[in-house]
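The values are calculated or read from the model by the stated rules, or taken from the named source; none is laboratory data. Since we're looking at a predicted model, the values are computed, not measured. All Cβ positions, glycine included, derive from the backbone under ideal geometry; neighbour counts span all protein chains shown.
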Amino acid sequence: MQLITTAGVSLRATSKLTARSQTTIPASVRDAMNLQPGENIEYAVLPGGQVLMSRQESASEDDPVIVDFLNFLAEDMRNNPANLKPLDRTLIARAASLTTDVDVDLDAPLTDDE
């Protein structure tokens, strides 16, 4: 339990498995994760048996156009790997210069104008 016990854990809770190997997520965990009934949960099993649990984000529910576009890009990269080119330093420097004074809060909600 090296990873989880040394991480900045803000909440710990326990639950018990039923005879059918089911459990209830404790209310404190549901509240901390802002889980709602009907949402999907994703589990990631780490070496040593530790499990990370998170709300499963589903891009397909959010924006099917983005999902289709990303699938198109993935297929094109598979079918045409010779077309993939690395970004050169000049382009990276140009992008950095254009965004130097731009302050972005990725957690802020978008307005109608954005």
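Does SER58 meet the test of being of a type in the set (Gly, Ala, Ser) and modelled with pLDDT of 90 or more? Please lay out each step first, then the result.
Working: of a type in the set (Gly, Ala, Ser): yes; modelled with pLDDT of 90 or more: no.
Criteria not met by SER58.
ILE92 - would you say it is more than 30 Å from GLY8 (Cα to Cα), part of a helix (DSSP H, G or I) and modelled with pLDDT under 90?
Working: more than 30 Å from GLY8 (Cα to Cα): yes; part of a helix (DSSP H, G or I): yes; modelled with pLDDT under 90: no.
Taking the combined requirement at face value, the residue does not satisfy it.
Do you know which of the residues in the range 7-18 that are modelled with pLDDT of 90 or more and exposed (fewer than 10 other Cβ atoms within 10 Å of the Cβ) is farthest from GLN50 (Cα to Cα)?
THR18
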